[in-house]
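**Student:** Can you keep this structure in mind? I'll have questions shortly.
The values are calculated or read from the model by the stated rules, or taken from the named source; none is laboratory data. What you see is a predicted model, and the numbers here were worked out from it, not measured in a lab. In this analysis, Cβ positions are derived from the backbone assuming ideal geometry, glycine residues included, and neighbour counts consider all displayed protein chains.
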Ligand code: NAP
């Protein structure tokens with residue numbers, strides 16, 4: 001069994017990006033600039049954005065965090081987005097989700113200039129991804145592809161089962177695994193909360209990508225020997241013995257499933273760190289495109 005070490009690979013990617021930024025500086029070029037808008041005071045969202053800003057500092061990017069209050073109106077947020085859309089100093093930006101209920105998330109994501117949409121959530125970029133065109137691939141699916149690529153996980157001709165069909169993980173993952181090319185060329189089954197007899201499906205899978213957010217959902221009796229397991233789930237499970245009062249738990253019963261797996265991602269330290277690294281990669285890509 002091989003651990004797909006997202007922490008190590010993400011550090012390798014950050015080192016590679018740092019080298020590229022150093023070359024840009026040496027040539028007198030502007031370094032990539034990522035901005036992040038955060039609306040409200042959600043603890044987890046603030047933690048995620050802070051780690052994205054720290055990652056920018058680590059690789060030598062410029063970064064801007066735009067904080068807006070929980071009572072921000074949709075119009076105010078759309079104005080801020082337009083400001084970033086037209087600010088030529090900003091190469092890419094993200095809007096940290098979830099947004100407060102008074103704001104229509106879809107409308108907001110549609111307002112982002114697709115050329116600066118480094119999260120890859122705009123329908124134009126999502127459509128390009130589905131059509132095998134060059135675009136920004138959403139960071140978490142992009143990170144999963146990169147992790148499999150760097151470990152040489154074979155995907156061609158394999159049966160991949162994706163659990164969860166969210167717009168940010170499960171749905172794009174199912175499209176990407178079925179695309180022509182590597183990693184891809186899989187036969188894909190996309191499952192969700194209405195799927196019947198899920199064990200019958202998962203037990204036929206060569207690769208399982210689990211993104212549902214139910215701690216320890218995938219058990220050893222649901223998988224076959226030598227399965228490849230990608231655990232996207234991140235759930236804070238209350239634990240009084242932990243310093244923070246909770247532990248981060250994945251969707252997979254790691255202890256038992258890992259005994260049957262050929263490759264498996266841990267939680268934490270698997271897909272999570274890859275997501276931030278790929279956001280940086282998309283920002284670098286945005287900068288390169290703006291230079292052309
Ligand atoms: P989401 O929007 O909550 O979607 C969950 C999906 O799981 C839905 O499609 C839902 O089906 C499906 N589902 C729920 N219960 C199910 C069941 N019993 N059997 C089969 N499918 C079931 O989730 P998300 O945003 O994709 O996030 C999923 C998990 O990944 C969360 O723990 C999240 O924190 C984590 N995550 C991690 C990263 C990372 O960087 N590692 C990034 C993003 C998300 P329906 O569509 O029928 O409701």
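**Student:** I need a count of the residues in segment 177-197 that are in contact with a strand residue (DSSP E or B) (Cβ under 7 Å, 6 or more places away or on another chain), within 16 Å of the ligand (Cβ to nearest atom) and either more than 22 Å from residue 138 (Cα to Cα) or in a strand (DSSP E or B) (or both).
**Tutor:** Going through segment 177-197, the residues in contact with a strand residue (DSSP E or B) (Cβ under 7 Å, 6 or more places away or on another chain) turn out to be 177-178, 186-191.
Narrowing the set further to residues that are within 16 Å of the ligand (Cβ to nearest atom) leaves 177, 188-191.
Pick out the ones that are also either more than 22 Å from residue 138 (Cα to Cα) or in a strand (DSSP E or B) (or both) and you get 188-191.
Total meeting the criteria: 4.
**Student:** Still on this model: Looking only at segment 198-232, count every residue that is within 13 Å of residue 264 (Cα to Cα) and either within 12 Å of the ligand (Cβ to nearest atom) or in contact with a helix residue (DSSP H, G or I) (Cβ under 7 Å, 6 or more places away or on another chain) (or both) and tell me the total.
**Tutor:** 10
**Student:** Another question, then. When you go through (1) farther than 24 Å from residue 22 by Cα; (2) under 21 Å from the mean Cα position of the chain (by Cα) one by one for residue 78, which number turns out not to apply?
**Tutor:** Going through the list (1) farther than 24 Å from residue 22 by Cα; (2) under 21 Å from the mean Cα position of the chain (by Cα), residue 78 breaks only (2).
**Student:** In segment 208-292, which strands (runs of 3 or more DSSP E) lie fully inside it and hold 3 or more residues that are in contact (Cβ under 8 Å) with a residue 24 or more places away in the chain?
**Tutor:** Where strands (runs of 3 or more DSSP E) fall fully within segment 208-292 and carry at least 3 residues being in contact (Cβ under 8 Å) with a residue 24 or more places away in the chain, they are 228-231.
**Student:** Collect the residues in segment 127-144 that are touching a residue at least 12 places away in the same chain (Cβ under 8 Å) and surrounded by fewer than 22 Cβ atoms within 10 Å (Cβ to Cβ), keeping them in residue-number order.
**Tutor:** Applying the first criterion (touching a residue at least 12 places away in the same chain (Cβ under 8 Å)) to segment 127-144 yields 129-130, 132, 135-144.
Result: 129, 130, 132, 135.
**Student:** Go through (1) closer than 18 Å to residue 274 by Cα; (2) in contact with a helix residue (DSSP H, G or I) (Cβ under 8 Å, 6 or more places away or on another chain); (3) loosely packed, with under 15 Cβ neighbours inside 10 Å for residue 56 and report which single condition fails.
**Tutor:** Of everything listed in (1) closer than 18 Å to residue 274 by Cα; (2) in contact with a helix residue (DSSP H, G or I) (Cβ under 8 Å, 6 or more places away or on another chain); (3) loosely packed, with under 15 Cβ neighbours inside 10 Å, residue 56 misses just condition (3).
**Student:** Moving on. Would segment 151-159 turn up any residue that is closer than 29 Å to residue 96 by Cβ and touching a residue at least 40 places away in the same chain (Cβ under 8 Å)? Reasoning before the result, please.
**Tutor:** Of all residues in segment 151-159, those closer than 29 Å to residue 96 by Cβ come to none.
Looking for residues that are closer than 29 Å to residue 96 by Cβ and touching a residue at least 40 places away in the same chain (Cβ under 8 Å), one finds none in segment 151-159, hence no.
**Student:** Give segment 132-176 a look and list any residue that's part of a loop (DSSP other than H, G, I, E, B), within 9 Å of the ligand (Cβ to nearest atom) and under 21 Å from residue 218 (Cβ atoms), or say none.
**Tutor:** Within segment 132-176, 164, 165, 166, 168, 169 meet the criteria.
**Student:** Could you tell me whether segment 173-194 includes any residue that is over 23 Å from the mean Cα position of the chain (by Cα), surrounded by fewer than 19 Cβ atoms within 10 Å (Cβ to Cβ) and either under 30 Å from residue 131 (Cβ atoms) or modelled with pLDDT of 95 or more (or both)? Give the steps one after another, and end with the answer.
**Tutor:** Applying the first criterion (over 23 Å from the mean Cα position of the chain (by Cα)) to segment 173-194 yields 194.
The next check asks that each one be surrounded by fewer than 19 Cβ atoms within 10 Å (Cβ to Cβ); those that pass are 194.
From what is left, the residues that are either under 30 Å from residue 131 (Cβ atoms) or modelled with pLDDT of 95 or more (or both) are 194.
Checking segment 173-194: at least one residue is over 23 Å from the mean Cα position of the chain (by Cα), surrounded by fewer than 19 Cβ atoms within 10 Å (Cβ to Cβ) and either under 30 Å from residue 131 (Cβ atoms) or modelled with pLDDT of 95 or more (or both).
**Student:** Among the listed residues 237, 257, 271, 247, which satisfies the condition of being more than 10 Å from the ligand (Cβ to nearest atom) and crowded, with 22+ Cβ neighbours inside 10 Å?
**Tutor:** 257
**Student:** Specify the residue that is surrounded by the fewest Cβ atoms within 10 Å (Cβ to Cβ); the eligible residues are those in segment 1-26 that are in contact with a helix residue (DSSP H, G or I) (Cβ under 6 Å, 6 or more places away or on another chain) and under 27 Å from residue 226 (Cα atoms).
**Tutor:** Among those residues, the one meeting the criterion is 7.
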